[in-house]
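Read the structure below first, then the notes.
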Amino acid sequence: MFTIQQLVQPDTLEEAYDVLTRDISNTILGGCAFLRLGSKKIGTAIDLSKLNLNGIKEQGDFIEIGAMTTFRDLEISPVLKESFNGVLPQSVSHIIGVQFRNIVTVGATVYSKFGFSDLLTALLALDTDVELYKAGRMPLAEFLEKSPQRDILTRVFIKKNSCKAVYKDLRNSQSDFPVLNVAVSQKDDRWRVVVGARPLRAQISQQASEELSQGGASPAGIASAARLAAEELSFGSNIRGSAEYRKAMCKVLVERAVTEVLQCK
Amino acid sequence: MNFIGKGIPKIDGISIATGKPVYTEDLVMANALVVKILRSPHAFAKITSIDTAQAENLPGVACILTHRDVPKIRFTLAGQSYPEPSPYDRYILDEMVRYVGDEVAIIAAVDEKTAVKAMHLIKVEYEVFEPVLDFEKAEGHPSVVHPEDDLHCNFDIGLNKDKNIASSKYVEIGDVEEELKKCDVVVEETYYTQAQAHAMMETYRAFSYLDHSGRLVVVSSTQIPFHVRRQLARALQIPASRIRVVKPRIGGGFGGKQTGAVEVFAAIVTLKTGQPAKIIYDRKETFTCTTSRHAMRLKVRLGADLDGTIRALDIQGLSDTGAYGEHAPTVFSVVGEKTLPLYNKTKAVRFLGNAVYTNKMPAGALRGYGATQGTFALECTVNKLAQKLGMDPAEIRLKNLIRQGETSLPYQGKLLGSSTLDKCIETGKNLIGWQEKYPSQEVGSNKVRAVGMAVTMQGSGIAGIDTASAEIRLHDEGNYTLLIGSTDMGTGSDTILAQMAAEVLETSLENIIVNAADTDVSPYDPGSYASSTTYVTGMAVVRAAEDLKKQILEHGAKFLEISPAEVEFDGKTLQTLDGNKAIGLRELAPLLVLGTGKQQLVGTATYGSDVSPPPFIAGFAEVEVDKETGKVDLLDYVAVVDCGTVINSNLARIQVEGGIVQGIGMALYEDVRYDQKGNLLTNSFMQYKIPCRKDIGTVRVAFEESFEPTGPFGAKSIGEVVINTPAPAIAHAVFNAVGVQVTTLPITPEKVFMGMGMEKAK
Amino acid sequence: MQIEAIINNKKVAWEIENDELLADTLRAKGLLSIRQGCDTSCCGLCTVWIEGKPTLSCTTLSFRINGKNVTTIEGIQEEAAAFAQVLVAEGADQCGFCSPGFIMTVLAMKNELKNPAEEEIIHYLTGNLCRCTGYMGQLRAVKKYLGVE
């Protein structure tokens, strides 16, 4: 059972950041689904509802997703359904249920860098930036590598382009966390292969991406890229699967995802 | 028949569906203390000191109880008729803690926050022992789970506590080893079934208070009100006459609520404080601190002639009963009881083995009760035999199975009263498309589809033990109250029993009030378990209704001044056979209750059966297996059922669909994992995956009714048999798809994938 | 803190704790249809509508309904009963403990999706677990109720 001593709903990000950094026990509230699993003693909980951070907008060259946007918003967004072959709605649509997806937020998921995240894998395959109140805007990949710092994730930006993308996962039960997930994107001759839920968090396979970008996606190239991804990335064991199985599945899912990207329009 | 066989809606359906406050928690009084349990973090330890002073001083704390505060009388929480076969091996709180989650202290406070706060203030020191976690190493382990001297058994169940053996079993008819030697083929395999969770949606809960006469009232979501009353009397050392147990609507049970999980903790708080107290387990406690299915290892040897005639069957089992022995001997026995009679061309059959104590959560009763485990092992082996002989698995069953009017070795000459299992197999084959689909077909480059099958039997009540009473009262307005002690946990048994009464009394369902269950009021019933309610309580209801009908005729005849033989009753009117005189029930009833008759009529009956007629199912699965990932998609499941006469067609169908899906969960998704220290890792719906809507494909159900001569209107049971076939049928389909025989449940993609790797390597 | 909200079309002003969850608040206020089947936000039993959207009340902090419309099954008894009749006629009510949350999701789906295909129905309802029925009877009832095949 988590507890909250104080609760604030700041009118500005500045104020929110100020409260956040005042004490180590102060916490930004996302959808609270994972907060609820622990027994965190929160000094001051910061609710961002008044900051207008929800919603999906097309702004110039980017699709902008506010931190408080829910997974269900992503799932049914007409813009996202039509962008990148609907890879983002597809990546979140299997998560637990509608009433859960109406709660969990993009900001909390990305900021928390959950290893099992389906969304991170898909986002990482696209040209995605994240915007943090203090640290500013940076590519998602860079954010994922950075050591955690107390900050507020405000928005996610995805470059609008002709990128084609496919998301694949393997789950035991359909409403379970994935055993492994994969997203592959292609823009012109630039490929990107991302593997998540290893069970470590999503990561780009540089070698597989390079192999496809350099050599094109011939059947041999695809097989080679799949092999490279499985060799390059590290895999672990948990109750959903062993490292050995994940490694084998990485090869299968990458191969399938790349093949499917080639069939995308 | 006006009611029997009809798909009549449940009498409580609209209320429960639209959210009316009818469950245990909805009825708790506002001022009830909140009871929480401090639990052991160790799998096996002795409490060396426990300091509750600080916690007791916290404002709002009503009481804190430790092992020093409870009667030193051992009891069992297994809901079984007295004398229970389960060992009396627990105190309310013990100095020894035997699994992670075992109870250390009971905390009662004005609200949950205070109770939790107080819990954190209790200081406990433990002497930690090496736990027994692997049930295959329990026998003869240096650690003894139950070293105490006062452990008690009502019968010789083969308990050998120094060796961690809770119960031991050996049944052999004929000479199995000798017969196996004579067989042309012998197939052998060892199987592992997991400690499945019940996962009923309403977790365990109860509340208690003292009534106007100072008696203890316990309101509980339980399948066994009368057994709970007896357990409480023993555990708390007060007369049963001072206890009343009331069961409201139940949010699912599946056998879990056949074990008294929580009642005693609320009750002891009420006794100690005089105040109302409630205990509501969260899902984690429900997963980690109650009971589960017994995990088992079953080694099967099956000997047959070349033509597929099964001659010898040997099942050697090992059952993990966890820290306490609730249902240990009986669940284990049922493994053999519901498998050995199925194929009756045998010359020798044997079932033997032990149920062992370990330092894990206790196992208990769960739908299927050993038959599920046994069916998985037996049916997988029969499929293996068919494979080895190159025979159709359906044919090999039709050749060997027991038929109506036949006996089998374990039946010792008793004849099977009813069975249409042969028809179930034929119907199932047609529905699934066995001829076209068996064994498999490639679909695309990575996918293969295949079918598999299994058959099973269960029982209907416990022969010679389950005894239920029923009463039906005629009221002054000509309507009735049906009083029963069985416990409708969502199955619809209240409705089904009312249908039976209405059928006999030729009245409408609206004219029957069903009252169940309250130990102060209800006639005795062991409770709803062991597939007993339709069959055993049902027969009591039929007889009580017949008794009442007879009385109505007799008293009606008196008013009509004629002999009862010359009166007929159509449910509304009593009329002389010549039609000259008549009196309506609406006129007769007030005369009896209020007026000159001076006798309120009550029909009563008590019934128990000497036999436990088995219902049968033939189950067929069609799967699609991804050859690159090992992922198994269940496409279609067909279950064809012989439950005797179907009493309520809709409710029977849903029982089957629900049980099949619970079986699918056991087959494919419901994995049970412990860490090395004995912590259960699969302790939430996030980690322990019961099937969701997308996981089950299509489930189709058909009935092949038989007529059971000993059952009410020819009915047998249906509640448990439904869970048994999915695991073996799906395992068979997976084998037919990719040649991998998964022998350890659940059948995860990883196991299938790794198995395919091994096949390739061969 | 104090919140004001519209619960089942009635304006309320409630005093709540900062860390109170909506399921607990609603039950404490006598809305006893709210059930909880898990501690991990994944069973769907506690589903209510917030601004018409099916939402887990077990996971929603109560302060977040400030100024919002919340609907529980107590507030839409007529619609709920209309579907319940179909469900019960199918025999698919069983223990009933998950029914309020399930019905709230079914009715939300009816408002959100026009003539959903079977696959869409299953997808929308996946977050509602049920251990009794095996889901098939529920699906038959939903299809009958929606008049879809």
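Since every read-out is calculated from the coordinates, none of them should be taken as a lab result. Note that the structure is a prediction, hence the values are computed from the model and not measured. Virtual Cβ from ideal backbone geometry, glycine too; neighbours counted across all protein chains shown.
Ignore the peptide's own chain and count Cβ atoms of other chains within 10 Å of each Cβ in B:70-82; give me the average, rounded.
0
³J(HN,Hα) across the stretch A:242-249 via Karplus (A = 6.51, B = -1.76, C = 1.60, θ = phi - 60°), whole Hz, x for Gly/Pro?
3J(HN,Hα) across the stretch A:242-249, in whole Hz: 8, 4, 4, 5, 4, 4, 5, 6.
Scan the stretch B:557-656 for GluC sites (Glu not before Pro) in coil per DSSP, keeping those whose Cβ has at most 15 other Cβ atoms within 10 Å, and list them by number.
Answer in residue order: B:GLU561.
What is the distance, in nm, between label points placed 7 Å from the Cα along the Cα-to-Cβ direction at B:ASP156 and at A:GLN263?
About 6.9 nm separates the two model spin labels.
Give, in nm to one decimal, the length gained when the segment between B:ARG586 and B:LYS550 is fully stretched (0.36 nm per residue of separation minus the Cα-Cα distance).
Additional length available on full extension: 11.3 nm.
Whole angstrom only: what separates the Cα centroid of the stretch C:1-76 from the Cα centroid of the stretch A:4-77?
20
Hey, could you grab the Kirkwood Rh for the stretch A:24-99? Inverse mean 1/r over distinct alpha carbon pairs, Å, one decimal.
That comes to 14.3 Å for the stretch A:24-99.
Among A:LEU140, A:VAL79, A:PHE116, which residue has its Cα positioned farthest towards the positive end of the charge dipole of the stretch A:56-159, with +1 placed on the Cβ of Lys and Arg, -1 on the Cβ of Asp and Glu, and the dipole taken about the Cα centre?
A:PHE116
Can you pull the one-decimal nm distance between simple spin-label points at B:GLU436 and B:LEU210, each 7 Å off the Cα toward Cβ?
7.2
To one decimal place, what Kirkwood hydrodynamic radius in Å is obtained for chain A from all pairs of distinct Cα atoms? Mind dumping the intermediate values first?
On the way: mean 1/r = 0.0529 Å⁻¹.
Across chain A, the inverse of the average 1/r is 18.9 Å.
Semi-axes of the stretch A:56-159's equivalent ellipsoid from the Cα gyration tensor, sqrt of 5 times each eigenvalue, largest first, rounded to whole Å? The partial results should precede the final answer.
Details: eigenvalues 80, 50, 30 Å².
Value: 20, 16, 12 Å, ordered largest first.
Let's test the formula: R0 of 51 Å, r as the Cβ-Cβ distance of A:THR3 and A:ALA220. What FRET efficiency results, to the nearest 0.05?
0.30
Along each principal axis of its Cα atoms, how long is the stretch A:3-47 end to end? Whole angstroms, biggest number first, please.
29, 19, 13
Give me the tail of P(r) for the stretch A:164-263 as a percent: Cα-Cα pairs with distance above 17 Å. Let's see the in-between values first.
Values: 2100 of 4950 pairs.
Tail of P(r) above 17 Å: 42 percent of Cα pairs.
Out of residues 5 or more away from B:LEU635 or on other chains, whose amide H comes under 5 Å of its own, with H placed 1.01 Å from N in the peptide plane?
B:GLU622, B:VAL623, B:GLU624
Just to verify a number: FRET efficiency for B:GLN316 and C:ASN115, C-beta to C-beta distance, R0 = 45 Å, to 0.05?
That pair, B:GLN316 with C:ASN115, gives E of 0.20.
Ratio of alpha-carbon Rg to the 2.2 N^0.38 Å globular estimate for chain B, to two decimals, please.
It is 0.99.
If each of A:LYS159 and B:LYS760 carries a label point 7 Å out from its Cα toward its Cβ, how far apart are those two points in nm?
A separation of 3.8 nm, rounded to one decimal place.
In debye to the nearest 20, how big a dipole does the protein assembly as shown give about its Cα centre with +1 on each Lys and Arg Cβ and -1 on each Asp and Glu Cβ?
Dipole magnitude for the protein assembly as shown comes out near 1200 debye.
In the calculated pair distance distribution of the stretch B:524-641, what percentage of Cα-Cα distances lie above 21 Å?
Counting pairs separated by more than 21 Å, the tail of P(r) holds 61 percent.
Quick one: if the Förster radius is 25 Å, what FRET efficiency do B:ASP51 and B:ASP675 give, using the C-beta to C-beta distance and rounding to 0.05?
Values: r = 29 Å, r/R0 = 1.14.
Efficiency, rounded to the nearest 0.05: 0.30.
Nearest 500 deg cm²/dmol is fine: what mean residue ellipticity at 222 nm does chain B get from its DSSP H runs of n ≥ 4 alone, each adding -39,500 (n - 2.57), divided by its residue count? Walk me through the numbers before you get to the answer.
On the way: 18 runs with 196 residues, N = 762.
Calculated from helices alone, the mean residue ellipticity at 222 nm is -8000 deg cm²/dmol.
List the trypsin sites (Lys or Arg not before Pro) within the stretch C:79-149 that DSSP assigns to loop and that have no more than 13 neighbouring Cβ atoms inside 10 Å.
C:LYS114
Rounded to two decimals, what is the ratio between the C-alpha radius of gyration of the stretch C:77-146 and 2.2 N^0.38 Å? Could you put the intermediate results ahead of the total?
Values: Rg = 10.8 Å, N = 70, 2.2 N^0.38 = 11.1 Å.
Normalised Cα radius of gyration, the stretch C:77-146: 0.98.
If the viscosity is 1.002 mPa s and the temperature 20 °C, what translational diffusion coefficient in µm²/s does Stokes-Einstein give for the stretch C:2-74 when Rh comes from Kirkwood over Cα pairs?
Using the Kirkwood radius from Cα pairs, D works out to 179 µm²/s.
Loop only per DSSP, at most 15 neighbouring Cβ atoms within 10 Å: give me the trypsin sites (Lys or Arg not before Pro) in the stretch C:1-60, ordered by residue number. Kindly include the intermediate steps, with their values, before the conclusion.
Details: sites: C:LYS10, C:LYS11, C:ARG27, C:LYS29, C:ARG35; in loops: C:LYS29, C:ARG35.
Of the trypsin sites (Lys or Arg not before Pro), the ones in loops of the stretch C:1-60 whose Cβ has at most 15 other Cβ atoms within 10 Å are C:LYS29.
Kindly put B:LYS550, B:LYS751 in sequence by how many other C-beta atoms sit within 10 Å of each C-beta, fewest to most.
Placing the least packed residue first, the sequence is B:LYS550, B:LYS751.
So if each residue of separation counts as 0.36 nm, and I subtract the Cα-Cα distance between B:GLU95 and B:ILE73, what length gain in nm does that give?
Value of the extension gain: 6.6 nm.
Report the equivalent ellipsoid semi-axes for the protein assembly as shown in whole Å, largest first, defined as the square roots of five times the eigenvalues of the gyration tensor built from alpha carbon atoms.
Sorted largest first and rounded, they come to 49, 37, 31 Å.
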